[in-house]
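First comes the structure, then the notes that go with it.
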Amino acid sequence: PYGSILVYEAIGMYRTQADLDNNVNYSNAGLGELIFKDRNGDGLIDGNDTYRYDGNPFPKLQYGVNFFLEYVGFDFNMLLFGQAGAKWRLDNGFSPSAGGNGLQYVADNTYTLENTDAELPRVMPTGTAGSNSDFWYIDSSWLRVKSLELGYTLPAGLTSKMKIQGLRVYFSASNLFMIYNSLSAYKSGDPQFTNSGKGGQFPNLRS
């Protein structure tokens, strides 16, 4: 697919010395780093072990469903909008480009010597350990209430007495809330903006 990249295949994490002793390791591999698969079986972990991966941030499917109801002067209109088939890359760094900031999720779930069962490897390793891998890419699917409007049109008999041709009172909202968000656990901001692994993008405005 367009935008595919070459990445290492992550098969685990070096949590103990036994993990270091029982795997094919890259140079200077250490505890808290990802274990990469020796895909070509040559006993080395190098660029020849990367594979083509579809880590595209653009969705394969975007969809919308519109609901419209009318009853005795009342009207209701709601648009649901969502996407599926995109990838979001989690960023576990705390780099100057983000003002030193990072996601709270990363801070709470990163490997340390006191937290060896953590979900994420240690922060920003160097060398081969810091290479891109399929570990970091997460499905980005979501569904939101894009717009909602509830209105009431006053009866013509009433408005004609006020010499008004028509009068409608309504409540309108946009980007009201998310129904489903596959990235909600990461608290990374609005999933519609997928190009920042730290969530450092201004979200859709709610009005």
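The values are calculated or read from the model by the stated rules, or taken from the named source; none is laboratory data. Owing to the predicted nature of the structure, the values given are computational and were not obtained by experimental measurement. Neighbour counts are summed over all protein chains in view; Cβ atoms, including those assigned to glycine, are modelled from backbone coordinates with ideal geometry. Side chains are part of the model used for accessible areas, which takes the heavy atoms of the whole protein and leaves out ligands, DNA and RNA. Shrake-Rupley method; radii C 1.70, N 1.55, O 1.52, S 1.80 Å.
Restricting to segment 143-168, give me the number of residues that are open to solvent by 70 Å² or more (accessible area, probe 1.4 Å) and either closer than 30 Å to G82 by Cβ or touching a Lys or Arg at 6+ places or on another chain (Cβ under 9 Å) (or both).
Number satisfying all stated conditions: 3.
May I ask you to verify whether S207 is modelled with pLDDT of 90 or more and not in a loop (DSSP other than H, G, I, E, B)? Let's see the steps before the verdict.
Numbers: modelled with pLDDT of 90 or more: yes; not in a loop (DSSP other than H, G, I, E, B): no.
Answer is no for this residue.
Mind listing whichever residues of segment 117-143 are part of a strand (DSSP E or B) and of a type outside the set (S, T, Y)?
The answer is L120, I138, D139, W142, L143.
Report the residue count in segment 14-46 for those that are of a type outside the set (D, E, K, R) and in contact (Cβ under 8 Å) with a residue 40 or more places away in the chain.
11
Among the residues of segment 56-73, is any within 16 Å of F135 (Cα to Cα) and surrounded by 14 or more Cβ atoms within 10 Å (Cβ to Cβ)? Even if it seems obvious, please write down each step before you answer.
Quick first cut of segment 56-73, residues within 16 Å of F135 (Cα to Cα) only: 56-57.
From the residues that got through so far, the ones that are surrounded by 14 or more Cβ atoms within 10 Å (Cβ to Cβ) too are 56-57.
Checked against the condition, which is being within 16 Å of F135 (Cα to Cα) and surrounded by 14 or more Cβ atoms within 10 Å (Cβ to Cβ), segment 56-73 yields at least one hit.
Identify all residues within segment 32-73 that are more than 27 Å from the chain's Cα centre (by Cα) and small (G, A, S); write none if there are none.
G41, G43, G47, G73 - these are the residues of segment 32-73 that are more than 27 Å from the chain's Cα centre (by Cα) and small (G, A, S).
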